[in-house]
Amino acid sequence: MHGYVYAFVGINASDINYSAGRYDASVKPPFDIGFEGVGDVVALGLSASADYTVGQAVAYVKAGSFAEYTVVPAKQAVPLPSVKPEFLTLMVSGATAYISLKELGELSEGKKVLVTAAAGGTGQFAVQLAKKAKCHVIGTCSSDEKGGFLKSIGCDRTINYKTENVESVLRKDYPEGVDVVYESVGGKMFDLALNSLATKGHLIVIGFIAGYQNPTGLQPIKAELLPAKLLKKSASIRGFFLNHYLSEYKMALKHLLKMYEKGDLVCEVDFGDMSPEGKFTGLESVFRAVDYMYMGKNIGKIVVELPHSVNSKL
């Protein structure tokens, strides 16, 4: 019988860093890229057959995920109720927001949390998790449509940086500063976020997408005064890289999956329906999906659909 099996792969800002050789300079092309996917089990090794069955839905995080078929070690697979792209949003983007805010954010009721690129793949979760911690959430974004989405997931104040001056909005509306910044843009936005920290504030560096497409990968920041700025406010900057927190990962994912299944978490997925050439389908559309992200067009997590005929390869 003919049929189609659907799998989905997730697009991450760091895909560009990986393919540019910034994470591991010793890896020489050609090499496989992509970090995460969800799909059906089509075949099992001996030890895996104790825990999994053919046709079961699983998610996985592993380098080389941009593939129609991939071999995943059984202990790295996450069993899912079904193959849904929403589950994919939690694997890297959701887990990053959950673990970083829990471990580094020191969130508590009434704190002011600024999320940059708030309508993006991971920003959407930072907004919702900070709201669940009863914080006041401010989100920056690049369009009114994104602002509308942010309001719908509970963002208290949205700032469209294309039409509003982020710095003056923060100075006027939050003269005491913000307590936590979830920062993934870098460059000028980093400087601005740093300057708007409150006394004892934390700035969590999730990434710096503004610089990923530069040959060096970094846009200069005005950091010469950094020690003085931090001292004056007893503030801190903390970096977060998911790979260093894998001990927390299973617990985080379990928690997020439960929240989603209970309807407590919006997992927004963007398939690129509004992109010039339409929906991201098939591996050949991965490069379009990456471009779409860097143009700042996406609302939520960008996902590429990989339909393939069941009787094709195996």
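The values are calculated or read from the model by the stated rules, or taken from the named source; none is laboratory data. The structure displayed is predicted, hence computed values, not measured ones. Cβ: placed from backbone, ideal geometry, glycine included. Neighbour counts: every protein chain shown. For accessibility, only protein heavy atoms count, side chains too; no ligands or nucleic acids. Shrake-Rupley method; radii C 1.70, N 1.55, O 1.52, S 1.80 Å.
List the trypsin sites (Lys or Arg not before Pro) in region 221-314 that DSSP assigns to loop (not H, G, I, E or B) and whose Cβ has at most 10 other Cβ atoms within 10 Å. Which are they?
Answer by residue number: LYS262, LYS313.
Taking every pair of alpha-carbon atoms in region 152-250, give the share separated by more than 15 Å as a whole percent.
Looking at region 152-250, the distances longer than 15 Å represent 68 percent of pairs.
Do any chymotrypsin sites (Phe, Trp or Tyr not before Pro) in region 176-254 lie in a DSSP loop with no more than 15 other beta carbon atoms within 10 Å, and if so, which?
Of the chymotrypsin sites (Phe, Trp or Tyr not before Pro), the ones in loops of region 176-254 whose Cβ has at most 15 other Cβ atoms within 10 Å are PHE241.
First select every other residue whose beta carbon is under 12 angstrom from the beta carbon of LEU104; then total the charges, Lys and Arg +1, Asp and Glu -1.
My count for the surroundings of LEU104 gives -2.
Of all accessible surface on region 1-133 at a 1.4 Å probe, what whole percent is carbon and sulfur?
Ligands and nucleic acids excluded, carbon and sulfur reach 56 percent.
Using label points projected 7 Å from each Cα along Cα→Cβ, tell me how many nm separate LEU230 and TYR294, to one decimal.
3.1 nm
Lys pairs in region 1-153, Cα-Cα under 24 Å, at least 8 apart or on separate chains: how many?
28
Mind pulling up the Rg/Rh value for region 120-159? Radius of gyration and Kirkwood radius, both on Cα.
Rg/Rh: 0.92.
Take the Cα atoms of the chain, build their convex hull, and give its volume per residue in Å³.
Roughly 148 Å³ of hull volume per residue.
Given Cβ point charges of +1 (Lys, Arg) and -1 (Asp, Glu) and nothing else, what value in debye, to the nearest 20, does the dipole of the chain about its Cα centre take?
So the magnitude is around 840 debye.
Provide the convex hull volume over Cα atoms per residue for region 1-142, in Å³.
165 Å³
For the chain, report the accessible area per residue in Å² (1.4 Å probe, heavy atoms, rounded to an integer).
That works out to 49 Å² for each residue.
Give me the compactness ratio for region 31-80, meaning the Cα radius of gyration over 2.2 N^0.38 Å.
Relative to the rule-of-thumb radius for its length, region 31-80 sits at 1.07.
Taking N as the number of residues in region 77-218, what is its alpha-carbon radius of gyration divided by 2.2 N^0.38 Å?
1.04
Return the loop-located GluC sites (Glu not before Pro) in region 221-309 (DSSP other than H, G, I, E, B) with at most 15 other Cβ atoms within 10 Å of their own Cβ; answer none if there are none.
Loop-located and lightly packed - GLU224, GLU277.
As a test of understanding, state the convex hull volume per residue of region 178-314 from its alpha carbons, in Å³.
Enclosed volume per residue, from the Cα hull, is 194 Å³.
When the Kirkwood hydrodynamic radius is evaluated over all pairs of different C-alpha atoms of region 59-154, what value in angstrom, to one decimal, is obtained?
Hydrodynamic radius (Kirkwood, Cα only) of region 59-154 equals 14.9 Å.
Kindly report, to the nearest 10 Å², the accessible surface of TYR260 as traced by a 1.4 Å probe over protein heavy atoms only.
40 Å²
Charges only on Cβ, +1 for Lys and Arg, -1 for Asp and Glu: so what's the dipole of region 1-134 about the Cα centre, in debye to the nearest 20?
Using Cβ point charges on Lys, Arg, Asp and Glu, region 1-134 gives about 480 debye.
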